[in-house]
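See below for the structure under consideration.
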Amino acid sequence: MKIVFLDRDTIGPTVTITRPSFDHDWIEYGKTAPDAVAGRIADADIVVTNKAPIRAEQLADAPNLKMIAIAATGYDVIDVPACTERGIVVSNVRGYATNTVPEHAFALILALRRSIVGYRQDVIDGAWQESGQFCFFTHPIRDLAGSRLGIIGEGALGQSVAQIARAFGMEPVFAAHKGATGLGPLYTPWDEVIATSDVITLHAPLMPATRHMISTPEFEAMERKPILVNTSRGGLVDEAALVDALDRGLIAAAGFDVLTSEPPAPDNPLLSVLERPNVIVTPHVAWASEEAMQTLWDQVVSHVENFERGAPSNTIG
């Protein structure tokens, strides 16, 4: 059985890349450009991919392909209906990031709520040394205790974020999906969450219904001028509208780990505001703690082994 791993470089270098226990041929590439996918999977039985896309046209040239193991939770890089039509099993990774993503989200929240970036830069620039007193007040500092955290996305990551929030003395509330009603007592109406949250954090999948679910109307409805954090998916927020909201003071700050295109295109609006003390952009690393990446990879291997023994796991489609 031939197994092809298309993009090893998307997994941290310290992760132990164990291989399936059954007999196989292993072919590994650091990166695979979209136009190289077809050639590299042409005679593969199993393909492992993180971000290298596999569409219907590549599947048509891979007659032996029986399984695709995605080294991620999101599966928009795979043409799942085409795989289903061809009888190709698709498995993804789930539940590996319940610590790392919420912790990263709170790192952004704490840094922005307490203006860590701005004060650090002040010290670098010599402002403390020149101040003539033990401290100074050039940026706002707010406690988390007593504030409301709006969580958009009520899955495992959203629940873990809520647990951390409670430890800080925050009031976590889960937003019902935009436009949805009658979802039960767990949910607070979307409009109320948007209007009354001091911090809003996104933990939702990117789908047609959620693309740009935060845009100008939502920013203009944010009565408390919250911090907006996105460690979920680029595209959930209209980035041009986000920069406009920052310029207009509709939100206090933005902490983003994901962008619409990655790496960002030169014309991405957020690139124009990176020097501001109330903006933090990290390069899609919220998922990438050492522990989480190893758990992710171990799960990938287990899915491949389960498929080989006739018991596919975490299947999609």
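What follows draws every value from the coordinates through simple rules; no lab data is involved. Because the structure is a prediction, the values reported are computed rather than measured. Because the Cβ atoms are built from the backbone with ideal geometry, glycine has one as well, and the counts that use them run over all protein chains shown.
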query = Any idea what the dipole of the range 208-307 comes to, in debye rounded to 20, about its Cα centre with Lys/Arg Cβ at +1 and Asp/Glu Cβ at -1?
reply = 280
query = Longest span of the chain, sites excluded, free of GluC sites (Glu not before Pro) in DSSP loop with at most 13 other C-beta atoms within 10 Å?
reply = 1-222
query = When Lys and Arg each count +1 and Asp and Glu each count -1, what net charge do the other residues less than 12 Å away from Val281, Cβ to Cβ, add up to?
reply = -3
query = What chymotrypsin sites (Phe, Trp or Tyr not before Pro) does the range 7-91 have in DSSP loop regions with at most 11 other beta carbons within 10 Å?
reply = Phe22
ask   = Using the alpha-carbon centroid of each, what span in Å lies between the range 69-108 and the range 135-177?
value = 25
message = Restricting to Cα atoms and excluding each atom paired with itself, what does the Kirkwood estimate give for the range 87-128 in Å?
response = 13.4
ask   = From the phi of every residue in the range 77-89, what ³J(HN,Hα) in whole Hz does the Karplus formula 6.51 cos²θ - 1.76 cosθ + 1.60 yield, where θ is phi - 60° and glycine or proline is x?
value = 7, 10, 7, 5, x, 5, 5, 4, 4, 8, x, 8, 6
message = Give me the count of lysine pairs in the chain whose alpha carbons sit under 25 angstrom apart, restricted to pairs 8 or more positions apart or on different chains.
response = 7
Charge dipole magnitude, Cβ of K and R +1, D and E -1 - the chain, Cα centre, debye nearest 20 = 480
note = Note, Glu291: beta-carbon cut-off 15 Å, +1 each Lys/Arg, -1 each Asp/Glu, net -3
inquiry  = Could you give each residue of the range 22-33 its phi-based ³J(HN,Hα) in whole Hz, using Karplus coefficients 6.51, -1.76, 1.60 with θ = phi - 60°, and x for Gly or Pro?
reply    = 7, 4, 6, 9, 10, 10, 10, 10, x, 9, 9, 5
key: Cleavage-rule hits, trypsin sites (Lys or Arg not before Pro), the range 1-82, DSSP coil, Cβ neighbours within 10 Å at most 15   = Lys31, Arg55
inquiry  = For the range 100-281, I need the span (max minus min coordinate) of the C-alpha atoms along each principal axis, in Å, sorted largest to smallest.
reply    = 58, 40, 30
query = Once you list every other residue whose beta carbon is under 15 Å from the beta carbon of Ala311, what net charge do they have if Lys and Arg are +1 and Asp and Glu are -1?
reply = 0
note = Scaled by the rule-of-thumb 2.2 N^0.38 Å, the alpha carbon Rg for the chain gives a ratio of 1.12
key: Long-range tail of P(r) for the range 1-115 (Cα pairs > 25 Å, %)   = 30
